[in-house]
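> Got a structure here, written out as structure tokens. Questions coming.
The values are calculated or read from the model by the stated rules, or taken from the named source; none is laboratory data. Just so we're clear, the structure is a prediction, and the values are computed from it rather than from any experiment. Don't worry about glycine lacking a Cβ; one is built from the backbone with ideal geometry, like all the others, and counts go over all protein chains shown. Protein only, heavy atoms only, side chains kept; ligands, DNA and RNA dropped before computing areas. Shrake-Rupley method; radii C 1.70, N 1.55, O 1.52, S 1.80 Å.
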Amino acid sequence: TSLRAWHPFVGHLMLEQVARLHIQRFVSERLKQVKPGTIRNDLAFLSSLFAFAQMLPGGPEHNPVLSFNKKSLGSAEERVRWLMPADEKALLAAVKEPQHRLILLFGLEAGLRSMEIRNLRVRNIDLRHRYILLRGAEVKTSRGRRVPMTRTLCRAVIAHIRARGWPN
């Protein structure tokens with residue numbers, strides 16, 4: 001996506017020809033279409049191309065993205081990343097299948113990402129100490145962590161064990 005966005009502005013140039021002026025034009029035009037966060041991603045993409053090219057023999061000497069003042073884009077937007085209690089209650093009420101409800105609770109009560117929930121195994125859960133152990137290979141950041149379990153989530157896991165036994 002970033003490559004397609006940059007192409008009309010710098011696609012006809014060699015990397016060493018890309019200047020701050022091209023970046024300013026890009027940002028000015030792109031702001032008419034997308035939010036500043038997307039433009040920051042586009043700038044990071046171009047900067048990474050320059051960083052890679054600079055490691056190659058005969059690569060560009062400087063990275064013009066580094067001279068662009070990203071503060072001109074304003075501060076990053078704050079995102080609300082939780083449900084209001086009424087929304088959470090309605091969502092849980094709408095999920096009828098117990099196994100789907102348990103999956104939802106791992107996200108709502110423990111804040112697990114969908115990949116972490118899919119990779120979750122019995123060995124990851126310690127009900128006695130009420131935590132979930134996520135190992136480095138199983139998480140996005142590659143850094144393992146222990147996630148505390150709420151009483152609600154513990155009760156749901158225990159109910160699942162009693163009703164069906166542990167999932168594979």
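> Any idea of the accessible area per residue across region 29-168, 1.4 Å probe, to the nearest Å²?
71
> Counting other Cβ atoms within 10 Å of each Cβ, which chymotrypsin sites (Phe, Trp or Tyr not before Pro) in region 68-135 have at most 12 and sit in a DSSP loop?
Passing both the DSSP loop test and the Cβ count: 82.
> Of all accessible surface on the chain at a 1.4 Å probe, what whole percent is carbon and sulfur?
Reported share for carbon and sulfur atoms: 55 percent.
> Let me ask something else about it. How much length is gained on full extension from residue 152 to residue 35, taking 0.36 nm per residue of separation minus their Cα-Cα distance?
Full extension from residue 152 to residue 35 adds 38.3 nm.
> Could you order 40, 128 by accessible surface area, starting with the largest, using a probe radius of 1.4 Å?
My answer, sorted largest first, is 128, 40.
> Now for a separate question. I'd like the Kirkwood hydrodynamic radius of region 1-86, using the inverse of the mean 1/r over distinct C-alpha pairs, in Å.
Kirkwood radius, region 1-86: 14.2 Å.
> Pop a pseudo-label 7 angstrom from the Cα along the beta-carbon direction at both residue 48 and residue 28 and give the gap in nm to one decimal.
2.8
> Follow-up question, since we're still on this one. In the structure shown, do any of 71/140; 35/70; 32/71 have a Cα-Cα gap over 24 Å, and if so which?
With Cα atoms farther than 24 Å apart: 71/140.
> Show log10 I(q)/I(0) for the chain at q = 0.13, 0.18, 0.20 Å⁻¹, two decimals, from a solvent-free Debye sum over equal Cα scatterers.
The computed values of log10 I(q)/I(0) come out as -0.79, -1.03, -1.20.
> Got a number for the accessible area of residue 150? Probe 1.4 Å, square angstrom, nearest 10.
That residue has around 40 Å² of solvent-accessible surface.
> What list of ³J(HN,Hα) couplings, whole Hz, do you get for region 50-58 from phi and the Karplus terms 6.51, -1.76, 1.60, once you set θ to phi - 60° and write x for glycine and proline?
These are the phi-based 3J(HN,Hα) values: 4, 4, 5, 4, 5, 7, 8, x, x Hz.
> Summing -39500 (n - 2.57) over the DSSP H runs of n ≥ 4 in the chain and dividing by its residue number, what mean residue ellipticity at 222 nm do you reach, to the nearest 500 deg cm²/dmol?
Mean residue ellipticity at 222 nm (helix-derived): -15000 deg cm²/dmol.
> Highest first, please rank the peptides 87-96, 13-22, 152-161 by the mean number of other Cβ atoms sitting within 10 Å of their residues.
Highest-to-lowest ranking by the protection proxy: 152-161, 13-22, 87-96.
> In addition: Quick one: what are the phi-derived ³J(HN,Hα) couplings along region 13-22, Karplus 6.51/-1.76/1.60 with θ = phi - 60°, whole Hz, x for glycine and proline?
10, 7, 4, 5, 8, 5, 10, 4, 4, 5
> Let me ask another. Mind checking the full-extension length gain between residue 133 and residue 92? Use 0.36 nm per residue of separation minus the Cα-Cα distance, one decimal, nm.
12.3 nm
> With charges set only on the Cβ (+1 for Lys and Arg, -1 for Asp and Glu), what does the dipole of the chain come to about its Cα centre, in debye to the nearest 20?
Charge dipole of the chain: 860 debye, to the nearest 20.
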